[in-house]
Amino acid sequence: MDYKSIEWVAKTQVVRMLDQRLLPGEVKYVEYTEAATVAGAITDMVIRGAPAIGAAAAYGLAVELCHNESDDPATLSAAYRAADDVLRRSRPTAVNLFWALDRMQDIVDKKAGGTAREFRALVLSAAHEIARQDVEVNRQIGLNALELVPENARAIHHCNTGGLATVAYGTALGVIRTAHEQGRNISVLVDETRPRLQGARLTCWELQQLAIPHKLIVDGASGFYMKRGEVDFCVVGCDRIAANGDTANKIGTYNLALVAHAHHVPFYVCGPTSTVDLSTPDGEDIDIEQRTASEVTCVGKERIAPEGIDVGNPAFDVTPAEYITAIITERGIVRQPYKENLRRLFA
Ligand code: MRU
């Protein structure tokens, strides 16, 4: 595939993102030169998906410093802190945002004391490293998952977790990609994923380019296909995995997990360990983003609901750990009891 969700343009020192709001109709790249507009791009979902949001935040810091011409390290430090602050407020649920900003801060703290030029170089190289590792981690998740993917597998996938939602390759969609690359003859039922339609717009776009067989379905059709015995497993990404395994992911994930449980279909959550948040004890403590009503009342520019009604639009839900068959990370496959086994991943 020849698109990039996010990349650094060395010549002009800008961060470039593929505007995912326009896909699949238009492939348009937008360039950013300051942290505040990168934060805006995250909030408005120019870029979205937990790992991609983390990388965008890291590059948001880098771009801010690269376009600040001060020679004074203290001035740059103040600019860094302000950029960090604005990026932290861009979206609340995906822990990768905070993970990336904390990791950048750690590196800055450990190597503080250089010139302004060294400070800029340090922040940019730390951002590059986050982006580089993301691709490596995604490929490893795909390989680790292979033992769970039978020949001729029929999967259901929710939201978009592919190259668009990451720096490249993908997590849950990466699992599907790896199985396809290994000749497992995998096919995918793609949940459309109301209201932003990440499944219909983005996942189908990616699967089409990869020539992986897929069929678009409405979110409510998963029970229909599972009841007919046409689904071997569900595979989804994650925005935050609490210490007990409860997992926040795109709204509708919980419903899918319940239907899978009722039909004894395995339910797999895939994500990098940067999405595991051991400081959050369980799903109750995860901050769930509430988005604007117009995402629900309108499809594109067309209004589909009466004016003046009350609307609820939580962007994520939490799937209790008991409905998750396994969590697939780059460090291996984790099963119940999640509290002990997730902690062991970091030992
Ligand atoms: O609101 P979005 O599109 O950012 O939500 C994305 C998801 O919920 C993904 O499943 C999750 O971030 C994992 S992406 C590899």
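To the nearest Å, what is the center-to-center distance of region 299-329 and region 195-225, using C-alpha atoms only? Taking the Cα centre of region 195-225 as reference, the centre of region 299-329 is 16 Å away.
The angle separating the long axis of helix 253-262 from the principal Cα axis of greatest extent in the chain is about 30 degrees.
The angle between the Cα long axis of helix 95-110 and the main principal axis of the chain comes to about 30°, on a 0 to 90 degree scale.
Based on DSSP loop calls and a cut-off of at most 13 other Cβ atoms within 10 Å, the longest stretch of the chain free of exposed trypsin sites (Lys or Arg not before Pro) is what?
Values: sites that count: LYS11, LYS28, ARG89, LYS111, ARG228, LYS301, ARG335.
The answer is 112-227.
For GLU330, the residues whose modelled amide H falls within less than 5 Å of its own, excluding neighbours fewer than 5 places apart on the same chain, are THR273.
Exposed loop sites were defined as GluC sites (Glu not before Pro) in DSSP loop states (anything but H, G, I, E or B) carrying at most 14 other C-beta atoms within 10 Å; in the chain the longest segment without such a site runs 70-150.
The amide H of LEU189, built 1.01 Å from its N in the peptide plane, has ALA155, ILE156, HIS157, LYS215 as neighbours under 5 Å, considering only residues 5 or more places off or on other chains.
Considering every alpha-carbon pair of region 6-140, the percent of pairs per 5 Å bin, from zero through the bin containing the longest distance, is 2, 11, 22, 24, 21, 12, 5, 2, 1, 0. Here the Debye sum runs over all C-alpha atoms of region 194-256 as equal scatterers in vacuum, and log10 of I(q)/I(0) at q = 0.22, 0.25, 0.26, 0.29 Å⁻¹ comes out as -1.12, -1.25, -1.27, -1.32.
Computed 3J(HN,Hα) for region 323-331, one whole-Hz value per residue from the Karplus formula 6.51 cos²θ - 1.76 cosθ + 1.60 where θ = phi - 60°, is 9, 9, 6, 7, 10, 9, 10, 6, 9, glycine and proline marked x.
Of the chymotrypsin sites (Phe, Trp or Tyr not before Pro) found in region 245-347, those that fall in a DSSP loop while having at most 15 other beta-carbon atoms within 10 Å are PHE346. Over the chain, DSSP H runs of length four or greater, each weighted -39,500 (n - 2.57), average out per residue to a 222 nm ellipticity of -12000 deg cm²/dmol. Across the chain, Cα-Cα pairs more than 31 Å apart make up 32 percent of the total. Under 5 Å between amide hydrogens, built in the peptide plane, is the criterion, and for VAL299 it picks out ILE304 among residues at least 5 positions away or on other chains.
What the phi angles of region 138-152 give under the Karplus curve with 6.51, -1.76 and 1.60, with θ = phi - 60°, is a coupling list of 4, 5, 5, 4, x, 5, 4, 7, 3, 5, 9, 9, x, 4, 6 Hz, glycine and proline written as x.
With the alpha-carbon atoms of region 143-345 aligned to their principal axes, the span from lowest to highest coordinate is 50, 40, 35 Å, starting with the largest.
We did not get these values from a lab; they are worked out from the coordinates using the rules stated. Remember, predicted model here, so these are calculated numbers, not experimental data. Counting neighbours? That spans all protein chains shown, and the Cβs are built from the backbone with ideal geometry, glycine included.
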